[in-house]
Amino acid sequence: ARKHEVQMIADSIRSIAVRHHLAGDAMVFLSADFNTSTGNPIFQPLKEILNEARSITQDSDKGYTFNGFGKVDPEQAQQTLDESGNSDNEIVVDHIFSRGVRPLSFRVCRGDYGVPYISDHFPIVFECQLARKKEVRRILAIGNSFSEDAVEQYLWEIAENQGMEVVLGNLYYPGCTLERHANNVRLDSADYSYRKVIDGIRLVKDHTTIREALADEDWQGGTLQQASHLSGEFDSYEPFLTEIIDSIGSIHQSLSLSSFDSSPIPALPLAWHKTWAYSKDSKHGGFVRYGKSQKKMYKAIGQAAARLTDYPFYTTIPSGDAIQTARKTPLGDSLCRDGFHLNLDYGRYCCALTWAEALLGIDATRVTWKPETVSEEQASYARQSAHKACNTDSH
C-alpha cells in the first residue's frame with residue numbers, strides 16, 4: 001500500500017505541474033508521517049522529482065523522529081542511526097520533501113513544551129529560502145501594425161507601474177492577413193520584423209520566422225488578429241485561422257517539455273485581438289468594404305469576433321471596444337493619427353491599457369503611469385474606456 005501511495009503522490013505532482021504549466025523552478029512541498037524511512041526504495045518515485053530536506057540540508061539534525069511517548073530509548077535509537085544511517089528503519093519516519101527552494105536548516109524538535117511528549121513523534125522543521133525568481137509574464141503577438149500600436153510602446157511601462165514584470169514580443173509585418181500568417185508558418189518564411197520589449201528596452205531582429213520567435217522565449221501566451229481591413233469579414237478568417245492555431249500548437253509543443261516528467265505541455269494559450277474601426281474620415285482603401293462607415297465597420301468587427309466562441313481562445317482583447325468607447329468621451333474621433341493607426345499618445349495608451357487589463361489582470365483605472373505627452377484628463381478617459389471595454393459582455 002505504501003509503495004502505491006508514494007507512486008500516486010509522485011504522479012499527482014507531475015499531473016499538477018503539467019496542467020498548470022509549472023516550470024522546473026516551481027516551489028513544491030510535501031510533508032507527512034510516512035511511517036517509513038526514506039532509505040526504503042519505495043521513495044524512489046518521489047526522489048526523482050523532489051529533494052528530501054534532512055539529506056540535502058548542510059545544517060541538519062540527524063536525530064530520530066518516532067519516540068513512542070517515551071518507549072524508544074534515546075541512546076539505543078542513536079546507536080541504531082549511527083550504524084544504519086538513513087537506511088530503512090522505524091524511527092526516522094517523518095519527512096519533508098521540497099523543490100524550488102534553497103535549504104537552510106533541518107531540525108527535529110525535542111524542546112520542553114510543558115509535558116514530556118506532545119505526540120508519539122517529534123515535530124520536524126525545515127527552514128529554507130524561496131529560490132524561485134520573480135514571475136515574468138511572456139506574451140507574443142503575431143500581428144501587424146495594429147499589434148505594434150498595442151504592444152511595443154506603453155504596455156511594458158504599465159505593467160511595471162503595477163509591479164509586474166513582462167517580456168513582450170511582436171511579430172510584425174505591415175498589413176499582414178491571416179492568410180499570409182498561415183503561408184508564413186507553413187513555409188517557415190522569415191518575413192517578420194521581430195520586436196521584443198525586455199527590461200523596458202525595445203530590441204528588433206529582422207527576417208525572423210514564427211518558429212524562431214516561438215523558440216526565443218518561454219511564452220505563456222500568444223495573440224492573433226486579422227488585418228484591419230478584413231477584421232469585419234469572417235469569411236476571410238478561414239481556413240487560415242485554424243491552420244495557424246494548429247501549426248502554432250504543434251511548434252510550441254515540439255519546443256517545450258515539462259521539466260517534471262518530459263511530457264509535452266499543452267498548446268500555447270492564445271487570445272484574440274479584436275481591432276478597432278477606422279476614423280470616420282479615413283482614407284484607407286479597405287474602408288469601402290464597410291461603406292466608409294465607422295459604425296458599420298465596428299459592428300462588423302464585433303460580429304466576426306462573436307463567431308470565435310468555438311475556437312480555442314481563452315480570452316478576447318477588446319481594443320476595438322475600448323477605442324470606440326473613448327470616441328464617446330471628449331477625446332472624440334481623434335484617436336487615430338492617419339485614419340486607421342492609433343495616435344502616438346492617448347490612442348496607443350488606451351490600447352495598451354486594454355491589453356494590460358485583458359491579459360495581465362491589471363485594473364486600468366489603478367494605473368498611475370502615463371506618457372508625458374498625455375494629459376491627466378486624456379489619461380483618465382483612456383483608463384476608463386479600457387476598463388469599461390474589458391468589463392462588458394460586448395466582446
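The values are calculated or read from the model by the stated rules, or taken from the named source; none is laboratory data. Just so it is clear, the structure is predicted and the values come from calculations on it, not from any experiment. Heads up, the Cβs are rebuilt from the backbone with ideal geometry, glycines too, and the neighbour counts pull from every protein chain shown. Keep in mind that these areas ignore ligands, DNA and RNA; they rest on the heavy atoms of the full protein, side chains included. Shrake-Rupley method; radii C 1.70, N 1.55, O 1.52, S 1.80 Å.
Are there any pairs with C-beta distances below 6 angstrom linking a residue in the stretch 58-71 that is closer than 23 Å to Cys128 by Cα to a residue that is modelled with pLDDT under 85 and crowded, with 17+ Cβ neighbours inside 10 Å, with the two at least 6 apart or on different chains, and if so which?
Tyr64/Ala77
State which residue pairs qualify: first residue under 11 Å from His95 (Cα atoms) and inside the stretch 31-52, second residue open to solvent by 30 Å² or more (accessible area, probe 1.4 Å) and in a helix (DSSP H, G or I) in any location, beta carbons under 7 Å apart, and separation of 6 or more residues or different chains.
The qualifying pairs are Thr36/Arg2; Thr36/Ile42.
Filter the stretch 62-114 down to residues that are modelled with pLDDT of 80 or more and polar (S, T, N, Q) and give me whichever is surrounded by the most Cβ atoms within 10 Å (Cβ to Cβ).
The residue in question is Thr65.
What number of residues within the stretch 317-335 satisfy the criterion of being buried (at least 20 other Cβ atoms within 10 Å of the Cβ) and either of a type in the set (Asp, Glu) or assigned to a helix (DSSP H, G or I) (or both)?
The qualifying residues number 8.
Working only within the stretch 144-183, note down all residues that are in a loop (DSSP other than H, G, I, E, B) and under 28 Å from Thr368 (Cα atoms).
Hits for the stretch 144-183 are Glu152, Gln153, Tyr154, Gln162, Gly163, Met164.
Can you spot a residue in the stretch 111-126 that is without any contact (Cβ under 8 Å) to a residue 40 or more places away in the chain and touching a Ser or Thr at 6+ places or on another chain (Cβ under 9 Å)?
Yes, that holds for at least one residue.
Answer yes or no: is there a residue in the stretch 108-121 that is over 30 Å from Ile244 (Cβ atoms), in contact with a helix residue (DSSP H, G or I) (Cβ under 9 Å, 6 or more places away or on another chain) and of a type in the set (Ser, Thr, Tyr).
Looking through the stretch 108-121, at least one residue is over 30 Å from Ile244 (Cβ atoms), in contact with a helix residue (DSSP H, G or I) (Cβ under 9 Å, 6 or more places away or on another chain) and of a type in the set (Ser, Thr, Tyr).
With the requirement that a residue be surrounded by 17 or more Cβ atoms within 10 Å (Cβ to Cβ), in contact with a Lys or Arg (Cβ under 8 Å, 6 or more places away or on another chain) and touching a residue at least 12 places away in the same chain (Cβ under 8 Å), what does the stretch 336-349 give you?
Leu342, Gly347, Tyr349
Among the residues of the stretch 374-395, how many are modelled with pLDDT of 95 or more, open to solvent by 30 Å² or more (accessible area, probe 1.4 Å) and not in a helix (DSSP H, G or I)?
Residues flagged as modelled with pLDDT of 95 or more, open to solvent by 30 Å² or more (accessible area, probe 1.4 Å) and not in a helix (DSSP H, G or I) within the stretch 374-395 amount to 1.
Is there a residue being over 18 Å from Leu268 (Cα atoms), aromatic (Phe, Trp, Tyr) and part of a helix (DSSP H, G or I) anywhere in the stretch 236-249?
There is no residue in the stretch 236-249 that is over 18 Å from Leu268 (Cα atoms), aromatic (Phe, Trp, Tyr) and part of a helix (DSSP H, G or I).
Determine, yes or no, whether Leu353 is surrounded by 21 or more Cβ atoms within 10 Å (Cβ to Cβ), on the phi < 0 side of the Ramachandran plot and in contact with a Gly (Cβ under 8 Å, 6 or more places away or on another chain).
no
Restricting to strands (runs of 3 or more DSSP E) lying wholly in the stretch 186-231: which have 1 or more residues that are open to solvent by 30 Å² or more (accessible area, probe 1.4 Å)?
192-198, 201-208
For the stretch 127-146, give me each residue that is open to solvent by 70 Å² or more (accessible area, probe 1.4 Å) and in contact (Cβ under 8 Å) with a residue 60 or more places away in the chain.
Scanning the stretch 127-146 gives Leu130, Arg132, Lys133.
Return yes or no: is Gly169 small (Gly, Ala, Ser), buried (at least 22 other Cβ atoms within 10 Å of the Cβ) and in contact with a helix residue (DSSP H, G or I) (Cβ under 9 Å, 6 or more places away or on another chain)?
For Gly169, the condition - small (Gly, Ala, Ser), buried (at least 22 other Cβ atoms within 10 Å of the Cβ) and in contact with a helix residue (DSSP H, G or I) (Cβ under 9 Å, 6 or more places away or on another chain) - is met.
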